[in-house]
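Please read the structure below before turning to the comments.
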Amino acid sequence: METLVVELTHKNALRLLRDLEDMNIIKLHDSSESDSKKLSEKYRGVLSQEESQDLSKHIDEIRNEWRNI
């Protein structure tokens, strides 16, 4: 499956897209939903607690290396 961003240039385009959605050919996503979601909410739960701790430790190590340069 691919996700595309489409700019509607004709007043009937949205109606045609809704018809395609009704036929289960495409799925429409409201752009305001994805834009309003915070990144912290979007990625919450993607990493396990152990992975998150390892990542934080790694980031701290990298920051310390840069400070010592």
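The values are calculated or read from the model by the stated rules, or taken from the named source; none is laboratory data. These numbers were taken from a predicted model, which means no experiment stands behind them. Don't worry about glycine lacking a Cβ; one is built from the backbone with ideal geometry, like all the others, and counts go over all protein chains shown.
When Arg18 is tested against (1) among the basic types (Lys, Arg); (2) surrounded by 10 or more Cβ atoms within 10 Å (Cβ to Cβ); (3) not in a helix (DSSP H, G or I), just one condition goes unmet, and that condition is (3).
Within segment 22-38, the set of residues being of a type outside the set (A, V, I, L, M) and either modelled with pLDDT of 95 or more or outside any helix (DSSP H, G or I) (or both) comprises Asp22, Asn24, Lys27, His29, Asp30, Lys37, Lys38.
Comparison of Glu61, Glu21, Glu41 shows that the only residue that is of a type in the set (D, E, K, R) and touching a Leu at 6+ places or on another chain (Cβ under 8 Å) is Glu21.
Can you say whether Ser52 is among the hydroxyl-bearing types (Ser, Thr, Tyr) and surrounded by 10 or more Cβ atoms within 10 Å (Cβ to Cβ), as far as the supplied structure shows?
yes
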